[in-house]
Amino acid sequence: MKANVSSILLGVGDMDRTKRFYTEGLGWTIDRDYGLSVFFALDDGPLVGFYGREGLAAEMGTSAEGSGFSGLALTYVVRTEARVDEILAEAEKAGAAILKPAAATPWGGYGGTFADPDGYIWSIGYSAQGKDQPYAE
């Protein structure tokens, strides 16, 4: 198996709410909408898709029940501290819960985290070492 991720598929409780959060709230563009699932086109990277939580759990052969930290965090790297603040404000306005307000990090960067309406955690961060990386906004 190659070291690659073709797509990221997350189970959600309310597809309409999820679509509104990512399109109207964060400005993402839908690439494919199958009703049962929706995929967003990213600028450079794998597709990010959302699927009904119960249906996705059944597809994966597991239970949809779960609580607490899942062990998954999605990260988004930016080129300035100001952009971290902007994205966190944008997410909060769209309905995200700010889990950790933006602040200096122990590793020398700057960042904060939010949870989308289904509880998926996004870490928004800036690092002087990463500002010239192709994956940074």
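The values are calculated or read from the model by the stated rules, or taken from the named source; none is laboratory data. The shown structure was predicted, so the numbers you read here are calculated from the model rather than taken from an experiment. Note: ideal-geometry Cβ built from the backbone for every residue, glycine included; neighbour counts use all protein chains shown. The area values use the complete protein model at the heavy-atom level, side chains included, leaving out ligands, DNA and RNA. Shrake-Rupley method; radii C 1.70, N 1.55, O 1.52, S 1.80 Å.
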(message) Suppose each label sits 7 Å from its Cα in the direction of the beta carbon; what would the D44-A115 distance come out to in nanometres?
(response) 3.2
(message) As I understand it, the dipole of the chain uses +1 on the Cβ of Lys and Arg and -1 on the Cβ of Asp and Glu, about the Cα centre. Which of A89, A3, V38 lies farthest toward its positive end?
(response) A3
(message) On a full-extension model of 0.36 nm per residue, what is the gain between A73 and K93, subtracting their alpha-carbon distance, rounded to one decimal in nm?
(response) 5.1 nm
(message) Counting only protein heavy atoms and a 1.4 Å probe, tell me what percentage of the chain's accessible area is made up of carbon and sulfur.
(response) 51
(message) At 0.36 nm per residue, and after removing the present C-alpha to C-alpha distance, how many nm does the segment from A57 to I30 gain when stretched out fully?
(response) 7.5 nm
(message) Keeping every protein chain present and rolling a 1.4 Å probe, give me the accessible area per residue for the range 1-131 in Å².
(response) 60
(request) Could you go through the range 80-93 in sequence order and give the Karplus-derived ³J(HN,Hα) for each residue, using 6.51 cos²θ - 1.76 cosθ + 1.60 with θ = phi - 60°, rounded to whole Hz, and x for Gly and Pro? (result) 9, 5, 4, 5, 4, 4, 4, 5, 5, 5, 4, 5, 5, 4
(request) Using Cα centres only, tell me the gap between the range 33-51 and the range 52-122 in whole Å. (result) 17
(request) Report the antiparallel proportion of the DSSP beta bridges in the chain as a percent, rounded to a multiple of 5. (result) 60
(message) With +1 on the Cβ of every Lys and Arg and -1 on the Cβ of every Asp and Glu, and nothing else charged, how large is the dipole of the range 1-128 about its Cα centre, in debye rounded to the nearest 20?
(response) 240
